[in-house]
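**Student:** Please find one structure pasted underneath; my questions will follow.
The values are calculated or read from the model by the stated rules, or taken from the named source; none is laboratory data. Everything numeric here is computed off the predicted structure, so don't read it as measured data. FYI the Cβ positions are ideal-geometry reconstructions off the backbone, even for glycines, and counts take in every protein chain you see.
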Amino acid sequence: MSRTSVALLGATGSIGTQTLEVLRREPERFELTSIAGGSGNLERLIEIAKEFGVNRIGVPTNACRDLVMTAMPGVSVLVGDEGLSELASSADTVVNAVVGFAGLPVTLSALEAGKRLALANKESLIAAAPLVERVRHTPGAELLPIDSEHCAIHQALAGASKAEGFPDVRRLVLTASGGPFRGWASEALDQVTKAQALAHPTWAMGPKITIDSSTLMNKGLEVLEAAALFGIEVDRVDVVVHPQSIVHSMVEYVDGSVIAQLSKPDMRLPIAYCLGMPERLDHSWGAMDFQTPFSLEFLPPDTQNFPALTIAYEAARLGGAAPAWLSAANEVAVAAFLNDQISWRQIVETVAETLALYEPVTLTSLTELLAADKRAREVATANLPR
C-alpha cells in the first residue's frame, strides 16, 4: 500500500502535536513530508523534522531559515506566506493548524491544488468564506473539519440528503463547554485574571483559542464556520452549553430525529477521522465506557454575560467582510489581553466597538480581503482601552 503524504503546517502547536501522535501510530499509512512552524519553536520544529525525516520546512523569516539550515544542512526551507502556500500544495493531505488569519494562504492554496485539507484554522474560513467557496470545488479538493464540533456534524450529516442546503435538516446544534467562567456572576467576571482565562475545564489548547473559549467568541466563530462549511443559513445553526463535552454536536432533522456524535474529549479522534477518511483508524481515541454511569447536561448560553455569541451572529447577518472584521478585531483584542494591555471584559467590548464601525465591502478578491483585515485591525487597535 502506498503511503499518503502529509503536510503539517502549524506543527508545534496543540493540534500539530496531536497530529504527530496520530502519525506515529500509522507509519505505514502516512508519510510526513512537509512541516511549518513559528519563530518561537524552531528547536521543536527541527526535532520533528529529524524524527520524521522531513526535508521541506516552512518558517516565518529569513533569520529562521538560516538557523534551520545550519542545524539541518541539505533540507529545503521555505519562508513566509509564499512558503506556506507552496507547502500547502506539496502533499496529498494538508493539515492546516496555523493560528489565526495567517492560516489563510494554506487554506486557499491547498484547495486550489486539489488537495485534501484537514482544517483546524477556523479564522481563515470565517474571514474568507466567499473566497474559499470558489476554490473548494476544484477537482480533487476536499475540505474536512478538525474542530471537534464540526467534525461531529460532518459525521451526523452522513445520512442527510445531498441536495444543496440540506433540506431535510432543521438545524445544526453546536455544543459548548461553557468555558472556565460558566455560571459566574457579572461582578466576578470583572476580576478575571489571565491565569483563570487560560485554565479551560475540558480541553488542552493553545492560548488564543483558550481565551476565545472563555469569552464564548470561539463558539461564535464556530457558528460562522459551520454555516460556511456546510452551506447552511446561520439562523439554522444553534448553540447549547454542554459542560461534560461528551456530545460534540448534533444535527436535528425535520422529522424530529437528532443525530449526535459522542466521545470523550480527545482531539486525536477528529484528526484521525480527517486523515483516514473514508476509513476509520482503529485506535479508539475518545472511546466511551457505557458501563460506568454518567450524565449529560444541556443549558442555554448566557448571552448577557457572554455577548460574543450574539456579536458573531450579527457579523454573519451583516455579511460581506463583516466576519473578517470580527475575526481580525478579536485577534487584536485577545493579543492585547495576553500582553496585559486590557482586561478580560474589554476583549469583547473592543470587538463590539470595532464591528459597530464596520465599513461594508463585498469580498470578491484576496486583495479586498487583506485590505478589510488590515482596516479592521487598525480600527480595533484604535479602540483598545488606554
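**Student:** Name the one entry in LEU370, LEU366 that is aliphatic (A, V, I, L, M), farther than 23 Å from THR310 by Cα, in contact (Cβ under 8 Å) with a residue 40 or more places away in the chain and surrounded by fewer than 18 Cβ atoms within 10 Å (Cβ to Cβ).
**Tutor:** LEU366 is the lone residue from the list that is aliphatic (A, V, I, L, M), farther than 23 Å from THR310 by Cα, in contact (Cβ under 8 Å) with a residue 40 or more places away in the chain and surrounded by fewer than 18 Cβ atoms within 10 Å (Cβ to Cβ).
**Student:** Applying the selection to region 81-103, what residues are under 16 Å from PRO145 (Cβ atoms) and either of a type in the set (A, V, I, L, M, F, W, C) or surrounded by fewer than 24 Cβ atoms within 10 Å (Cβ to Cβ) (or both)?
**Tutor:** Scanning region 81-103 gives THR93, VAL94, VAL95, ALA97, VAL98.
**Student:** Limited to region 104-150, what total is found for residues that are part of a helix (DSSP H, G or I), in contact with a strand residue (DSSP E or B) (Cβ under 9 Å, 6 or more places away or on another chain) and either among the aliphatic types (A, V, I, L, M) or surrounded by fewer than 21 Cβ atoms within 10 Å (Cβ to Cβ) (or both)?
**Tutor:** Qualifying residue count, region 104-150: 5.
**Student:** Let me ask something else about it. Tally time: how many residues in region 136-180 are hydrophobic (A, V, I, L, M, F, W, C), without any contact (Cβ under 8 Å) to a residue 40 or more places away in the chain and more than 16 Å from VAL254 (Cβ to Cβ)?
**Tutor:** Adding up the residues that qualify gives 2.
**Student:** ASN96 - would you say it is at pLDDT 95 or above, in contact with a helix residue (DSSP H, G or I) (Cβ under 6 Å, 6 or more places away or on another chain) and not hydrophobic (A, V, I, L, M, F, W, C)?
**Tutor:** yes
**Student:** Let me ask something else. Looking only at region 330-386, which residues are among the basic types (Lys, Arg) and in contact with a helix residue (DSSP H, G or I) (Cβ under 6 Å, 6 or more places away or on another chain)?
**Tutor:** Selection gives ARG377 alone.
**Student:** In region 341-349, is there at least one residue being of a type in the set (Asp, Glu), more than 25 Å from THR107 (Cα to Cα) and not in a helix (DSSP H, G or I)?
**Tutor:** For region 341-349, residues of a type in the set (Asp, Glu), more than 25 Å from THR107 (Cα to Cα) and not in a helix (DSSP H, G or I): absent.
**Student:** While we're on this one: Just checking, which of LEU384, LEU370 is among the hydrophobic types (A, V, I, L, M, F, W, C), closer than 20 Å to LEU189 by Cα and at pLDDT below 95?
**Tutor:** Residue meeting the stated conditions: LEU384.
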